[in-house]
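Remarks on the structure that follows.
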Amino acid sequence: MSNEPEISYADLIQRAKQQLYDSSETPRIDAEVLLQHVLNKPLAWLLTHGDQIAEPEHLVDFNALIARRQTGEPIAYLTGVREFWSLELAVSPAVLIPRPDTEVLVEQALVLLPADRAIKVLDLGTGSGAIALALAKERPLATVTAVDSSMAALDIARLNATTAQLKNIEFIKSDWFSALEGQRFNLIAANPPYVAEGDPHLGRGDLRFEPDLALASGADGLQALRHIIEQAPNHLEDNGALLVEHGYDQEDAVARLMDQQGLSRKRCFRDLNDLPRCSLALI
Ligand SMILES: C[S@@+](CC[C@H](N)C(=O)[O-])C[C@H]1O[C@@H](n2cnc3c(N)ncnc32)[C@H](O)[C@@H]1O
């Protein structure tokens, strides 16, 4: 229980904003989101109840979250949720926090996937299930196979599929294609780890708190992409497509890898910051 003097929600937000000033670029938004989370109320409620005095137990919970945020812990891990493609996904430190840029991959996948027939889709490295769930939701006739080598990630992805009431996804623990021998798909989508080991970005911002397995991939960041692109032709149906997310500076390397496998590279798509972000190849 808190021994703090009484404080209104508006003053609490103001105080937290100052506490977060050095550790966050969005201190007021962070404070509001964390208080909404503690109170389990929407922002509109918070804004119209600013004069209300905070309950002592809410104060304790909120102060604990602010202290964690001051160390840089991502908001999504503090609230346990992140929105992606209008799905509210549970997230934990076992999974990458889904990025808005990955919605570009989903958009392009949907251009390729017919809505009126049964098709087979593979999501490699599903993490929270972001890509698999978005595609399963938009293409109810599709069967989506979602794989990850992390059982903890698969548990989160399964939970998200259950919450979203999506039944057209199966989850498989697999080191990339290893558990999929003999299986072929109309579309293989992947957002694999693609940061070079030792890249200084791994020690900054949200990345410090996200799983290494989801981020780093060999000395050049291309280890997973190389493996996926090499193996994809063995798992694509005739006229199948491979769509992979990659680093903004990996467009040419990915194109070369696709060419080496005899895949006809169609094009590279840009993300919300207008940077090259995902590449498509057809078999
Ligand atoms: C960049 S995260 C992508 C997560 C999710 N698809 C998304 O877009 O938010 C990469 C994922 O690949 C998984 N992964 C890493 N190595 C793997 C492997 N050898 N086989 C299968 N999955 C792997 C990680 O556990 C992680 O969930």
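The values are calculated or read from the model by the stated rules, or taken from the named source; none is laboratory data. What you see is a predicted model, and the numbers here were worked out from it, not measured in a lab. Cβ sites come from the backbone with ideal geometry, for glycine too, and all protein chains shown count toward neighbours. Surface areas here come from the heavy atoms of the whole protein model, side chains and all, with no ligands, DNA or RNA. Shrake-Rupley method; radii C 1.70, N 1.55, O 1.52, S 1.80 Å.
Quick notes
- Number of residues in the stretch 218-267 that are hydrophobic (A, V, I, L, M, F, W, C), touching a residue at least 60 places away in the same chain (Cβ under 8 Å) and over 17 Å from Asn191 (Cα atoms): the value is 0.
- Hits in the stretch 262-283 - residues which are farther than 12 Å from Leu242 by Cα, open to solvent by 30 Å² or more (accessible area, probe 1.4 Å) and in a loop (DSSP other than H, G, I, E, B): Gly262, Leu272, Asn273, Asp274, Leu275
- Among the residues of the stretch 203-231, those that are within 12 Å of the ligand (Cβ to nearest atom), under 22 Å from Ile75 (Cα atoms), open to solvent by less than 80 Å² (accessible area, probe 1.4 Å) and part of a helix (DSSP H, G or I) comprise Leu207, Ala214, Leu215.
- If the condition is being of a type in the set (A, V, I, L, M) and free of Cβ contacts under 8 Å to residues at least 60 places away in the same chain, then the stretch 154-186 contributes Leu154, Ala161, Leu166, Ile169, Ile172, Ala179, Leu180.
- Filtered residue count, the stretch 160-183, keeping only those that are near the ligand (Cβ under 9 Å from one of its atoms) and among the acidic types (Asp, Glu): 1
- Hits in the stretch 184-202 - residues which are out of contact with any Gly (no Cβ under 9 Å at 6 or more places or on another chain) and within 13 Å of the ligand (Cβ to nearest atom): Ala189, Leu202
- Looking across the stretch 101-159 at every residue that is within 10 Å of the ligand (Cβ to nearest atom) and hydroxyl-bearing (Ser, Thr, Tyr), the one that is nearest to Leu282 (Cα to Cα) is identified as Thr102.
- Residues of the stretch 232-252 that turn out to be within 14 Å of the ligand (Cβ to nearest atom) and either acidic (Asp, Glu) or part of a loop (DSSP other than H, G, I, E, B) (or both), as a count: 4
- Where helices (runs of 4 or more DSSP H) sit wholly within the stretch 1-100, those with at least 2 residues that are surrounded by 14 or more Cβ atoms within 10 Å (Cβ to Cβ) occupy 9-19, 27-39, 56-70, 75-79.
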